[in-house]
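Q: Structure in structure tokens, see below.
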Amino acid sequence: MAGSHPYFNLPDFTQPSPSSTPPSLPSHQRCRPSDATKGLLVALLGGGLPAGFVGPFSRMAYQTSHLPSLELLICRCLFHLPIALLLKLRGDPLLGPPDVRGRACLHALLNVLSIGCAYSAVQVVPAGNAATVRKGSSTVCSALLALCLESQGLSGYDWCGLLGSTLGLIIIVGPGLGTLQEGTTGLYTALGYVLAFLGGLALSLGLLVYRSLDFPSCLPTVAFLFGLVGLVGSVPGLFLLQTPVLPNDPLSWSCVGAVGILALVSFVCVSYAVTKAHPALVCAVLHSEVVVALMLQYYVLYETVAPSDIMGAGVVLGSIAIITAQNLSCEREGQVEE
């Protein structure tokens, strides 16, 4: 009975035990979150949730002062320009290294097109439906592009969550597509859904291009380029295609400021997450934006939320839970990541 208590069978803590010291614990007991886990959590908390406020706030700015979509895009791009100070302090080129400068500018252009389509769509269709179509198309396109161009496969649970989230989006937007009005109103509504789809396609292409970039200060560089390319393209388009509006009420300015800050946070988090996890899974987790947008659509904008919207939002949340739970894993501290 040496080394244990005769009655309670407890270990004798007076004797030195090598296994009681932290350095001798088995390596499988000292875990840290995997890169995929960190990427999905950043995409969920820092990408999807803040982005859910962008669409409703953009619609509020349009309803209050008829702020054009290109003008809202210009205001958002202005929040990206101060990142140039960070690049200057670090001594990095503003446009990135010469060998990847073209791809970095292409990434910025695709993101500008995606955001421009999204802002235009929320002006003619409900914010929740526009976010639904955009995120659904980005998820499907990201999965197809990753399979075709990167030969990067998904597990069975990932496919289950991916298809489930897409099914939830179809449940949300399907009834609305089946009851489009005839005439000019129905044409503008259909055009809004087309713009939302094109915005999702451009987003998936931009994420794929970003994954191919690998140089120091990649994230701040592409964030600054987004603001620069957005301004260069949006300022002439605003005066040629739309009429500039100067908001004169605090609500509009508050919405514009909130859109700029939240969109910048979401942009940075999504760009980080896509380097850690599969782009299709990142886009699927970003479907949380749809749920937040639907809640704000009902409680803030006082727009109708159909029972199919609630059912689809539940399916989306369940699918996100499947994807996140399946990818919640830990790695050994000494293990070399693949």
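Nothing in this text is a laboratory measurement; each read-out follows from the coordinates by a stated rule. All of these numbers come straight from a predicted model, not from anything done at the bench. Here Cβ is always computed from backbone atoms with ideal geometry, including for glycine, and neighbour counts include all displayed protein chains.
Q: Between residue 99 and residue 321, what length in nm is gained on full extension when 0.36 nm per residue of separation is reduced by their alpha carbon distance?
A: So the chain would gain 75.9 nm between residue 99 and residue 321.
Q: Tell me which of 51, 91, 244 sits at the most positive position along the dipole axis of the stretch 35-330, charges placed on C-beta atoms (Lys, Arg +1; Asp, Glu -1).
A: My answer, from the dipole projection, is 91.
Q: Same structure again: Can you give the FRET efficiency for residue 240 and residue 45, using 1/(1 + (r/R0)^6), R0 = 41 Å, r = Cβ-Cβ distance, to the nearest 0.05?
A: Result of the calculation: an efficiency of 0.55.
Q: Find the centroid of the Cα atoms in the stretch 40-76 and in the stretch 234-248, then give the distance between the two in whole Å.
A: 18
Q: Step through the residues of the stretch 294-306 one at a time and calculate ³J(HN,Hα) from phi using the Karplus curve (6.51 cos²θ - 1.76 cosθ + 1.60, θ = phi - 60°), rounding each to whole Hz and writing x for Gly and Pro.
A: With the stated coefficients, the stretch 294-306 comes to 5, 5, 5, 4, 7, 8, 9, 7, 6, 9, 5, 10, 6 Hz.
Q: Using a cut-off of 24 Å between alpha-carbon atoms, which lysines can reach residue 38, once sequence neighbours fewer than 8 places away in the same chain are excluded?
A: 135, 276
Q: Arrange the peptides 265-275, 189-199, 281-291, 305-315 so that the one whose residues have, on average, the most other Cβ atoms within 10 Å appears first.
A: Ranking, from highest mean packing down: 281-291, 265-275, 189-199, 305-315.
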